[in-house]
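J.: One structure, as structure tokens, below. Some questions next.
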Amino acid sequence: MKESTFNPEQQEKDISSKIVAGLERVSEVFKILLWEKAKIVGLSPIQIQLLIFIAFHEQRLCNVSHLAKEFNVTKPTVSDAIRVLDKKKLIVKDFSSSDSRRYSISLSELGKDIVSQTNDFSNPLKMKVDEFSQPELESLFETLSQLIYKLNRSGILSIQRTCYGCKFYERNNETDYCNLLQKELLRNEIRLDCPEYIEKVRG
């Protein structure tokens, strides 16, 4: 029982445990901030997250199957959330694909209004992150982007669109390079959510 990331004694001798415990605290911040917005607009946190995702991503990513992978929840969970959003007239379903059982989702004007009220939920956290120096920000970002990539490779995160997992990315002589943009990437130019991302075939 003593061996646990959340055991203060273990944290004292293992910095990885301290970091994981710290990340858990940060995840709580997102829950708190989302719930504050949820109470204001009368939606659940996952419903708000779905609306914000749909607002800022291509329609090909805005379907039940992909959204379930994106948020690491089941398809029935997403379907239930979409049913509520549809009932509240916050979304529009597009059945124009060749498969009549599938549909993509876009926002209605009312849905766009809700997004304008809620998409700033993370601002209190961003304001604190902004207080770090540029070198500290770049170092933190590099660590986070590598962590996200590794979690995806291990199967814990099912979806990621970071440069490190993209077919266009190369690492040459300690340099990051994008073959699509045909340019060397600075540390702060590595993307976490790239619109042009195509998954690299794993050998």
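J.: Can you name the number of the only condition in (1) assigned to a helix (DSSP H, G or I); (2) within 29 Å of V73 (Cβ to Cβ) that I159 fails?
T.: Single failed check for I159: (1).
J.: Okay, moving on. Among the residues of region 81-103, count how many are on the phi < 0 side of the Ramachandran plot and open to solvent by 80 Å² or more (accessible area, probe 1.4 Å).
T.: The qualifying residues number 9.
J.: Mind listing whichever residues of region 1-21 are surrounded by fewer than 11 Cβ atoms within 10 Å (Cβ to Cβ) and not basic (K, R)?
T.: M1, E3, F6, P8, E12, I15, S16
J.: Continuing with this model, one more query. Mind counting the residues in region 38-87 that are without any contact (Cβ under 8 Å) to a residue 12 or more places away in the chain and of a type in the set (K, R)?
T.: Going through region 38-87 one residue at a time, the tally reaches 4.
J.: OK, next. Sort through K93, K150 and tell me the only one that's of a type in the set (D, E, K, R) and either touching a residue at least 24 places away in the same chain (Cβ under 8 Å) or part of a helix (DSSP H, G or I) (or both).
T.: Of the residues listed, the single one that is of a type in the set (D, E, K, R) and either touching a residue at least 24 places away in the same chain (Cβ under 8 Å) or part of a helix (DSSP H, G or I) (or both) is K150.
J.: For residues that are of a type in the set (G, A, S) and part of a loop (DSSP other than H, G, I, E, B), tally how many sit in region 1-28.
T.: 1
J.: Restricting the search to region 148-171, which residues are open to solvent by 70 Å² or more (accessible area, probe 1.4 Å) and either in contact with a Leu (Cβ under 6 Å, 6 or more places away or on another chain) or over 25 Å from R60 (Cβ atoms) (or both)?
T.: K150, S154, E170, R171
J.: Where residues in region 36-54 are open to solvent by 40 Å² or more (accessible area, probe 1.4 Å) and out of contact with any Ser or Thr (no Cβ under 9 Å at 6 or more places or on another chain), which of them is farthest from R83 (Cα to Cα)?
T.: It comes out as E36.
J.: I would also like to ask the following. Among the numbered criteria (1) in a helix (DSSP H, G or I); (2) touching a residue at least 24 places away in the same chain (Cβ under 8 Å); (3) hydrophobic (A, V, I, L, M, F, W, C), which one does I105 miss?
T.: Going through (1) in a helix (DSSP H, G or I); (2) touching a residue at least 24 places away in the same chain (Cβ under 8 Å); (3) hydrophobic (A, V, I, L, M, F, W, C) one by one, I105 breaks only (1).
J.: Which pairs turn up if I take residues in region 175-203 that are surrounded by 16 or more Cβ atoms within 10 Å (Cβ to Cβ) and look for partners that are part of a loop (DSSP other than H, G, I, E, B) with beta carbon separation below 6 Å, at least 6 apart in sequence or on another chain?
T.: Close Cβ pairs satisfying both conditions: C178/F168.
The values are calculated or read from the model by the stated rules, or taken from the named source; none is laboratory data. Note that this is a predicted model, so its numbers are computed, not measured. A quick note on method: Cβ atoms are made from the backbone with ideal geometry, for glycine too, and the neighbour counts reach across all protein chains shown. Protein only, heavy atoms only, side chains kept; ligands, DNA and RNA dropped before computing areas. Shrake-Rupley method; radii C 1.70, N 1.55, O 1.52, S 1.80 Å.
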